Amino acid sequence: MSERKILLVDDDAQMRRSLAFNLQQSGYQVITAGDAESALEIAQRETFDLILMDIGLPGMDGLDALQQLRKIGDIPVIFLTARRRELDEALGLELGADDYVTKPFDLDVLRSHIKAVLRRSGRRIEPGVETRCVTAGDLEIDPSAHTARIAGKELDLSPREFDLLHAFALQPGKVLATPDLLAQVWGAEFVGQPQVVYVHIRWLREKIEDDPNHPRRIQTVRGVGYKYQIQER
């Protein structure tokens, strides 16, 4: 199996050198950039399995760069940030980032997050189960084409929003506990981080509910999790 290729974007030269060395020692091929503009140029020329990007970059910051990257392709992105409390992490996730790691971080923790995101981006689909089209009332999901429609209208969903809605559609009316959603959609590494689910539920409701503040489709079951309520055609 060929090396996974990572684009590392950070304006701290020492951080870039150290992190690139350690990731290379872990078996990854690493290309580095010191700013978002350079990273975008590189991403247009070369193919990457993952991008590690600091948010607080000079010039164009990581959030703006992510919007531009999404025009290039659906490359998995992990944000690196030292602004844990100042940053609205939900914004980064809503824009399509797959994960974030706060500085300072333990290298083993970062490696764990990298492996989890790469594994998820490989689309772990069980033949005959997750590839089949799913219908739940007026909701239709085609995992093979990665499309979702409500009342015939196609939804514009991020990869994680799609996976979350798919999980609900497979078991309509059943209460899905938050830890189970984390394990199923994000992976076991995220168990203990329920805020990831809360954020994505909020964004998903804004895209599929007539009134996100009074949701009819994705309903909260207080103290347990959520369930998808079928809406008839």
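The values are calculated or read from the model by the stated rules, or taken from the named source; none is laboratory data. What you see is a predicted model; the values in this text were computed from it and never measured. Using ideal geometry, Cβ is built from the backbone for each residue, glycine included, and neighbour counts are taken over all protein chains shown.
The single condition among (1) assigned to a helix (DSSP H, G or I); (2) without any contact (Cβ under 8 Å) to a residue 40 or more places away in the chain; (3) polar (S, T, N, Q) that residue 32 does not satisfy is (1). Candidates in the stretch 35-59 are the residues that are under 21 Å from the mean Cα position of the chain (by Cα), assigned to a loop (DSSP other than H, G, I, E, B) and not hydrophobic (A, V, I, L, M, F, W, C); of these, the one that is nearest to residue 77 (Cα to Cα) is 49. Among residues of the stretch 5-15 being over 14 Å from residue 110 (Cβ atoms) and of a type outside the set (Val, Ile, Thr), the one that is surrounded by the fewest Cβ atoms within 10 Å (Cβ to Cβ) is 14.
Would you point out the residue of the stretch 26-53, among those that are out of contact with any strand residue (DSSP E or B) (no Cβ under 6 Å at 6 or more places or on another chain) and within 13 Å of residue 114 (Cβ to Cβ), that is surrounded by the fewest Cβ atoms within 10 Å (Cβ to Cβ)? Filtering the stretch 26-53 for residues that are out of contact with any strand residue (DSSP E or B) (no Cβ under 6 Å at 6 or more places or on another chain) and within 13 Å of residue 114 (Cβ to Cβ), the one surrounded by the fewest Cβ atoms within 10 Å (Cβ to Cβ) comes out as 27. Of the residues making up the stretch 67-80, those that are touching a Phe, Trp or Tyr at 6+ places or on another chain (Cβ under 8 Å) and surrounded by 19 or more Cβ atoms within 10 Å (Cβ to Cβ) are 78, 79, 80. Candidates in the stretch 184-233 are the residues that are outside any helix (DSSP H, G or I) and aromatic (Phe, Trp, Tyr); of these, the one that is farthest from residue 114 (Cα to Cα) is 228. Report yes if some residue within the stretch 151-161 is loosely packed, with under 15 Cβ neighbours inside 10 Å and of a type in the set (S, T, N, Q); otherwise report no. Within the stretch 151-161 (the criterion being loosely packed, with under 15 Cβ neighbours inside 10 Å and of a type in the set (S, T, N, Q)), the answer is no, since none of the residues qualifies. Test residue 69 against the criterion of being at pLDDT 80 or above and not assigned by TED's automatic domain parsing to the domain that holds residue 47, and give yes or no. Here the answer is no, as residue 69 does not meet what is asked.
Identify the single condition in (1) modelled with pLDDT under 90; (2) at negative phi that residue 128 does not satisfy, given that it satisfies every other one. Every listed condition holds for residue 128 apart from (2).
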